[in-house]
Amino acid sequence: MSTVNVRPMTAREFDAWQHATTAEFAAEQVAIGRWPLEGSVERAIADNTSRLPQGMNTPRMLFLQGTDADGATVGHAWVSLDHPQGSPDLAFLFDIQVAEERRGMGFGRALLAAVEAAVVDAGVPALELNVFGHNTPAVSLYDSSGYSVTTQQMRKALSPSRESEHLHREE
């Protein structure tokens, strides 16, 4: 099994992470149909700014850089020690990502375990996260790491059918 240590991000790492993560988050929101493409990056930046009014110095936030045994970066994570919906004793994992060239080598599981240990060390006994349904590798990782589904959103694209048109005409 791969070993990952976590440490606080440097200011330079935070800036690079924030730039990349807002673009990725915007793209995900567009891909799942939640946001229109136009203005999506600006919306993601505004979302991050509202959650991080003091940037990397926002209290109760962990910005972690994951490194391997040689000190090379394998990934990063962003955790709020306070749940965004106010749930007590529950941290929230906003972002975790393994560097693309390090994927498939066990670093995801090791990074997740290191993040969980950092949350416990900070005095919070539970961690929650959201995962996009189409991200099957992540869903599998979380499932095999002991996470369980607590809520689930489902969506279906609808189009008018002949029968619904008929029902609307009769009203």
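The values are calculated or read from the model by the stated rules, or taken from the named source; none is laboratory data. Everything numeric in this text was worked out from a predicted model, so none of it was measured. FYI the Cβ positions are ideal-geometry reconstructions off the backbone, even for glycines, and counts take in every protein chain you see. The area values use the complete protein model at the heavy-atom level, side chains included, leaving out ligands, DNA and RNA. Shrake-Rupley method; radii C 1.70, N 1.55, O 1.52, S 1.80 Å.
Out of the total accessible area of the chain (probe 1.4 Å, heavy atoms of protein only), what percent is carbon and sulfur?
52 percent
Give the peptides 97-108, 39-50, 150-161 in descending order of average Cβ contacts within 10 Å, highest first.
97-108, 39-50, 150-161
For every helix of n ≥ 4 consecutive DSSP H residues, a contribution of -39,500 (n - 2.57) applies; sum these over the chain, divide by its total residues, and give [θ] at 222 nm rounded to the nearest 500 deg cm²/dmol.
The per-residue figure over the chain is -12500 deg cm²/dmol.
In whole Å, what are the Cα extents of the stretch 26-171 along the three principal axes, biggest one first?
69, 35, 32
Just the accessible area per residue of the stretch 1-67, please: how many Å² with a 1.4 Å probe?
The answer is 61 Å² per residue.
Could you provide, to the nearest whole Å², the per residue accessible area of the stretch 88-129 with probe 1.4 Å?
Value returned for the stretch 88-129: 49 Å² of accessible area per residue.
Viscosity 0.692 mPa s, temperature 37 °C: Stokes-Einstein D of the stretch 20-78 from its Kirkwood Cα radius, in µm² per second?
It diffuses with D of about 251 µm²/s by this estimate.
Any chance you could run the full-extension gain for HIS134 through SER50? It's 0.36 nm times the residue separation minus the Cα-Cα distance, nm to one decimal.
Between HIS134 and SER50, full extension yields 27.5 nm more.
Sort the following peptides by mean Cβ neighbour count (other Cβ atoms within 10 Å, averaged over residues), highest first: 112-124, 135-147.
Result, highest mean first: 112-124, 135-147.
Modelling each spin label as a point 7 Å along the Cα-to-Cβ direction, I'd like the ARG7/GLU24 distance in nm, to one decimal.
2.1 nm
Provide the gained length on full extension for the span ARG109 to SER144, in nm with one decimal, where the gain is 0.36 nm per separating residue minus the Cα-Cα distance.
Length difference between fully extended and current span is 11.7 nm.
Given contacts defined as C-alpha pairs under 8 Å and at least six residues apart, what's the relative contact order of the stretch 1-98, whole-number percent?
25 percent
By how many degrees, 0 to 90 and rounded to 10, does the Cα axis of helix 40-51 deviate from the longest principal axis of the chain?
Taking Cα atoms only, the helix is inclined about 50 degrees.
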